[in-house]
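One structure is given here, and the rest of the page talks about it.
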Amino acid sequence: MRSHMPEGEFAGRTALVTGAGQGIGAAVATALAARGARVVATDRDAHGVDELAAASRGLSGTVTPRVMDVTDVAAVSSVVDGIVRDHGALDLLVNVAGILRSSAVAELTDADWADTFAVNATGVFHTSRAAASHMTARGSGCIVTVGSNAAGIPRTGMAAYAASKAAAAAFTKCLGLEIARSGVRCNVVAPGTTDTAMQRALWPDDSAPEAPAGVLEGNLETYRTGIPLGRIATPHDIADAVVFLASDRARHITLQELYVDGGATLR
């Protein structure tokens, strides 16, 4: 049963969502627009955000697609400045853009390491720095970074991904500490296994309707715990957590990292 979220609670607010072309990013953008937000949905892939905008017509808010690469600092600055110019303010940033290069460390290439950090960590730095400068000037705003539970527990074959997500989480909380007195909140949502294209690419048969048993039950060979709740998350499960932290219902919550993983990290 889905939790109730007040319709219109983001009416009059403008949100920037990165990585909105699919998966968690698309779910977050849709959830915010359904609650009245003006959402600028960005991705490197124009097709994904264009489809999202078309599918979002009729919601109480709006979704405007923009092509943006979070690794391009000039592009990020241009989009953020354009949002402030066109809408008067940027109220909310949700960092979702991310990539996964799975490999044992011995086989991990310099390029894969650099590319992973460029998107997952440096990209968060670019967008958050640009957004924070506007938010602190007006004395309000919220930044939510979608990280990963891999940032808090070792994973075999995921060193670059886990390290980059740990960096993004630490950065977001450090930023939040610096700008808290300005009225800006910064939090992290850390999903576990979620039914996205990125996750399915790790499955032996990515067309299978259900996750492999080793994901749900654990795998001793890879030192992986299972998921106590016995299910993997949907993108909407993660979006619900993001929407809560972005809302006024979480107005006294900052510098926190919320794990949404069905208990997989036993936290």
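Assorted remarks:
- With respect to the chain, whose longest principal axis is taken over its alpha-carbon atoms, helix 159-179 is tilted by about 30°.
- Trypsin sites (Lys or Arg not before Pro) within the stretch 50-97: DSSP coil, no more than 13 neighbouring Cβ in 10 Å: Arg57
- Beta bridges per DSSP, both residues in the chain: antiparallel share near 5 percent.
- On a per residue basis, the convex hull of the C-alpha atoms belonging to the stretch 83-141 measures out at 86 Å³.
- Against the chain, whose longest principal axis comes from its Cα atoms, helix 73-87 is set at around 40 degrees.
- Over the chain, Cα pairs under 8 Å with separation of 6+ residues give a relative contact order of 17 percent.
- To the nearest ten degrees, helix 123-138 and the longest principal axis of the Cα atoms of the chain are 30 degrees apart.
- Point-to-point label distance, Arg251-Arg181, nm (Cα→Cβ direction, 7 Å offset): 2.2
- When both the stretch 211-230 and the stretch 144-208 are represented by their alpha-carbon centers, they are found 19 Å apart.
- For the stretch 111-237, dividing the convex hull volume of the Cα atoms by the residue count gives 122 Å³ per residue.
- Protection proxy ranking for 169-175, 186-192, using the average of other Cβ atoms within 10 Å per residue and placing the highest first: 186-192, 169-175.
- Taking only the Cα atoms of the stretch 1-102, the ratio Rg/Rh comes out at 0.97, with Rh defined as the Kirkwood radius.
- Helical runs assigned H by DSSP (4 residues or longer) give the chain a calculated mean residue ellipticity at 222 nm of -12000 deg cm²/dmol, each run adding -39500 (n - 2.57) before division by the residue total.
- Residues with amide H under 5 Å from that of Cys186, placed H, sequence gap 5 or more: Ile143, Leu255
Where a number appears in this text, it was derived from the coordinates with a stated rule and is not lab data. Remember, it's a predicted structure, so these values are computed and weren't measured experimentally. Counting neighbours? That spans all protein chains shown, and the Cβs are built from the backbone with ideal geometry, glycine included.
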